[in-house]
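The values are calculated or read from the model by the stated rules, or taken from the named source; none is laboratory data. Every value quoted in this text rests on a predicted model; they were computed, and no experiment measured them. FYI the Cβ positions are ideal-geometry reconstructions off the backbone, even for glycines, and counts take in every protein chain you see. We work out accessible area using only protein heavy atoms, side chains counted, and drop any ligands, DNA or RNA first. Shrake-Rupley method; radii C 1.70, N 1.55, O 1.52, S 1.80 Å.
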Amino acid sequence: MENLTAGTKFRNQLKLMLSLILAIVLISPFLKGWESIDIPDVNDFDLAEYGYSADIYSQELKKQTEKNISDVLAEQISAAGINCGEILTEVNISEDFSISINRVTVKTDDFFGAERIIRETLGSSTEVINGNL
């Protein structure tokens, strides 16, 4: 609005009016009290409408988790001096977002050394598969 009235004599009056309106808008919730502010309840929304986006989120979360675990394992194997080609991790993420690592497939020159590192990192119950076969 200031740009529209830049060359007129009403510029200062318009600026004062806009400042007063802004002040009223900012102060009115305090004067009325917070009871008048209506915050919607999350339970009011139908979560079934968001099922598709929840599926996409779950798939992307699973994909990113598998990549992150594979990257960390590759770093650990490389740090041990073992040449590591490729690591594929398969995870299962439950509805409460618990992560279960089902299987790790590793392509490397020293499979048994890499398997030992993976089992030390993830636990002995993790299935480790030789990807070179």
Within segment 97-121, work out how many residues are free of Cβ contacts under 8 Å to residues at least 24 places away in the same chain, buried (at least 16 other Cβ atoms within 10 Å of the Cβ) and either in a strand (DSSP E or B) or not charged (D, E, K, R) (or both).
-> 1
Reported set for segment 122-133 where residues are among the aliphatic types (A, V, I, L, M) and open to solvent by less than 90 Å² (accessible area, probe 1.4 Å) is 122, 128, 129
Filter result for residue 20 (open to solvent by 100 Å² or more (accessible area, probe 1.4 Å) and either modelled with pLDDT of 80 or more or closer than 30 Å to residue 92 by Cβ (or both)) = no
Single condition residue 48 does not satisfy, out of (1) modelled with pLDDT under 85; (2) assigned to a loop (DSSP other than H, G, I, E, B) = (2)
When segment 82-96 is examined, which residues are found to be open to solvent by 50 Å² or more (accessible area, probe 1.4 Å) and either assigned to a strand (DSSP E or B) or more than 23 Å from residue 62 (Cα to Cα) (or both)?
-> 83, 85, 86, 88, 90, 92
